[in-house]
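Nothing in this text is a laboratory measurement; each read-out follows from the coordinates by a stated rule. Note that the structure is predicted; figures quoted are calculated from it, not measured. Quick reminder, even Gly has a Cβ in these numbers, built from the backbone with ideal geometry, and neighbours come from all protein chains shown.
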């Protein structure tokens, strides 16, 4: 019993001081005598005490590796890649560098004949970045000491939180293959590149340096980590491939190169050329603090008075408010913080929780942003409709957070434009291509994809509880919506409440759930509008189509009835004439959504059709050197129309504008606002609220 | 007779060709081609108490081509008309299912079939029957043979002499078309006709030679009697003055079978004149019988919701307004039970033949 209680304690206070152990020993010895008489084989407190000793964090994790996501070889491989990439991205972003990350997975033969990647059990993972590098002295501790890092002690949004990840990955490698972590790091073109081989001393939780030398390295700056681990490479759901692909969706500012174990190279290009705004570090908000934490803060503070402590160690507490809290808690504002103990501290804590305090500042989180989400989705997922929603910041337990949602719907214009012709006539009871594919949910926390434990995640629950049927998407009871759809949900926060250490699912706080639902509803509403419009256009199209189809049949039947000597062509022509006048003729074409500006009045959306793309397409198109693309008016509906003179004119204008766009590329930054409206400032007034965006043919789009 | 036949088919054929003319004329005048089809529903039938028949009203629905909701049906109607005209020309008869297959194909340049299931083509044939005022037999469409007859009656079928008294216990299978041109009644010496709902009970009576002892004709339609059986009963009733008694289960469906035999059906009200037997009598199973014949309560079956709804519908039909019938149906509803004819076997295997029917006939215990 005593040993059990001591383990989490040892874990939470990383370099456990000796006194801690002695306290637990004395507690145990006080409790023990009661059980002594129960059986003759019972050991004495002294004997037990002899066995009780400190457990190092590293040892604890050796036994409980599943807590960190190393449950099975396949997941372990992913976790190692994930930790290394997360670290690289965090470092680059903090240093203000647009990240370029290379991930290389190789099989390691280990003395045996080389096997196929799907059969291999040992892998070398190499992750290289162009980040700021790590100073020489810190390298061993960053990579070979658990709970060592820069991110735990601050309230700032980042991918990593605890300082466990990469060292745990290294330890896993060490445990399964015995190989050290190999690190190359260079802090700048003038600095030397250092090569390290480090291992972790699992008893002491201290790094062991095996190799340390200066080397020549081609890269001017950055870090390279190589791990050799036991793992299993398998494609499909929750694979390394999927994780990297999803990472590139939520991080379109990253250029990612992935060398698969099969020798393939996948490149995820950068489509968004701005770094996300660097999040500010904030102090804790009084609502988000627990009693124990408050006690510790009272002890550790540098302030000399309680009022000063409240005002300086928390955010959103002004000196006036601090006085007010002290008064309400019946604590003199001038008391030394160290003297606030027991009952007084508890009253103070309760008072803080009931005082009305402004929500925490939100500049500590940096959302991906609607444009970047659109860009990411558009780059990776084939679809016909994309939209993105960023919610305003909200707060749970004193932690600010932002929810973002995105949707990609459809099978892509190539699929959609394909003439739906059945190759085989259908027999009775057969349906045509009635696929009931379910939507895919991709989840992110602070830009990191979450692949496991989907059903335990707040995001997934919110997707299920949203009534997608209201938005024209079918959904069976308690299931995901059906259809070719990808639902993107991102939670950005200084502290994402995961359900476990391995960061797989977001916990289900009401405030979070509510924000996700609101974001999904907004995205759903836009999808609904899009689907309804498309449906209307399609039904009008079908209407005419129906008559065209049936006229053939009716005329053929009439001809046979009349003994085969009917002037069929004449009859057909007469019927076609009636059909066309009945369906409104050419007027219908105009009436079909051709009136509004694009993308059909939907904010932050992209619509893709066989004829082109509409919406925030400069995102979709953006490649270095050609930031400004020409403007075109809405042209989206898949309606067959007679070629009109207006259209041809537009086409030629478009071409000339493309050229112009390239030449004036340099002025992009200033022309940002203007770029929305292209070279037609006169249309600004009329289109301003709708954000009319340029359209171009799909041929130029980059896809992987 | 052959002369008459060709003349008749010619008339139907002309009507079918007339449908093509509707389309052609409308097209010339730039109008929407439209057919008028009498409505086949309760709202468009009325009971004629004087004649004791259900008659079809005047209400019609129009089916036009250039209406998105009707375009496909219109097209299907033309295809079926074409297939029927083909039958006329070739002088063949066929089944509903064959018509379905004959008209089914995939429309050119699409993935759409003209018909997906037979459920789409069957109502169109009925539509044509009523709108062209042609009988199904005249359209050369036959139903399945699903009826049996046994008793002292002699038919001439395709020149063969069929003596139904000498066909063992299996009897003669009633063809679906029993018009005089196809089936000739040469002789009939029976005193009455007993129409039995269920084949099993008909088998019982036939095996026990009930027809010989009571000098009657036994007829069954295996459930709701098909047209052939109803028409044959009507002919025997009309041409040989046989009183008709109907023996059905004691449940709402049994009552309705009786009413169809007697007054005609709602769906095919236009055929009542030819098929209905207004003088037919309901011999059993009545809701009064379980008590009178001391059937134990435990051989009854609880009425389910559907039964109850149907029974309440029957109560509202004009042709069930006689006090005796209201009492009959209400008695079933109050008891909450229905009884199958087969339940009589609870007393004795031959209870139906030896006790029940003899007593019924002796006491003239039937409903009109």
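If you restrict to DSSP beta bridges whose two residues both lie in chain B, what percentage is antiparallel, to the nearest 5? Walk me through the intermediate numbers first.
On the way: 28 of 42 bridges.
If I count the DSSP bridges inside chain B, around 65 percent turn out antiparallel.
With N residues in the stretch B:92-150, what two-decimal value do you get for its Cα radius of gyration over 2.2 N^0.38 Å?
Numbers: Rg = 14.0 Å, N = 59, 2.2 N^0.38 = 10.4 Å.
Ratio of Cα Rg to 2.2 N^0.38 Å: 1.35.
Listed by Cβ neighbour count within 10 Å, with the fewest neighbours leading, B:116, B:109 appear as B:109, B:116. Principal axis extents of the Cα atoms in the stretch A:159-280, from largest to smallest and rounded to whole angstrom, are 42, 40, 36. In terms of its Cα atoms, the stretch A:463-578 spans 82, 21, 20 Å along the principal axes, sorted from long to short. Three principal axis extents describe the C-alpha atoms of the stretch B:266-351; from largest down they are 42, 29, 22 Å.
The C-alpha atoms of chain B define a longest principal axis, and helix B:71-90 lies at about 80 degrees to it.
With the convex hull of the Cα atoms taken as the outline of chain B, the averaged projected area works out to 21.0 nm². Percent of Cα pairs in the stretch A:442-527 per distance bin of 10 Å, from zero to the largest separation: 18, 52, 26, 4.
Only counting other Cβ atoms within 10 Å, I'd like A:473, A:240 sorted with the fewest neighbours first. Each step should come with its number before you reach the end.
Numbers: A:473 21, A:240 27.
Sorted ascending by nearby Cβ count, the order is A:473, A:240.
Within 10 Å of the Cβ of each residue in B:26-38, the mean number of Cβ atoms contributed by other protein chains is 3. As a length-normalised measure over Cα pairs under 8 Å and 6 or more apart, the relative contact order of chain B settles at 14 percent.
What does the C-alpha gyration tensor say about the overall shape of the stretch A:289-368? Classify as rounded when a/c is under 1.5, otherwise prolate if a/b is larger than b/c, or oblate. Walk me through the numbers on the way to the answer.
On the way: a/c = 1.79, a/b = 1.63, b/c = 1.10.
It comes out prolate by the Cα gyration axes.
The relative contact order of the stretch B:148-363 comes to 17 percent, based on Cα pairs under 8 Å that sit 6 or more residues apart. In terms of overall dimensions, the stretch B:108-241 has a Cα radius of gyration and Dmax of 17.8, 67 angstrom. Counting, for every residue in A:555-567, the Cβ atoms of other protein chains within 10 Å of its Cβ and taking the mean gives 6.
In what order do B:39, A:184, A:200, A:512 fall by count of nearby beta-carbon atoms within 10 Å, going from fewest to most?
Details: B:39 15, A:184 20, A:200 28, A:512 24.
Least to most surrounded, the residues fall as B:39, A:184, A:512, A:200.
For the peptide B:11-20, the mean number of other protein chain Cβ atoms found within 10 angstrom of a residue's Cβ is 2. Of all DSSP-defined beta bridges confined to the stretch B:148-363, some 60% are antiparallel rather than parallel. With the cut-off at 1.5 for a/c, could you classify the stretch B:148-363 from its C-alpha gyration tensor as rounded, prolate or oblate? Here the stretch B:148-363 falls in the oblate category.
Classify the stretch A:63-268 as rounded, prolate or oblate, taking a ≥ b ≥ c as the square roots of the eigenvalues of its Cα gyration tensor: rounded when a/c is under 1.5, otherwise prolate if a/b is larger than b/c and oblate if not. Cα axes put the stretch A:63-268 in the rounded bin.
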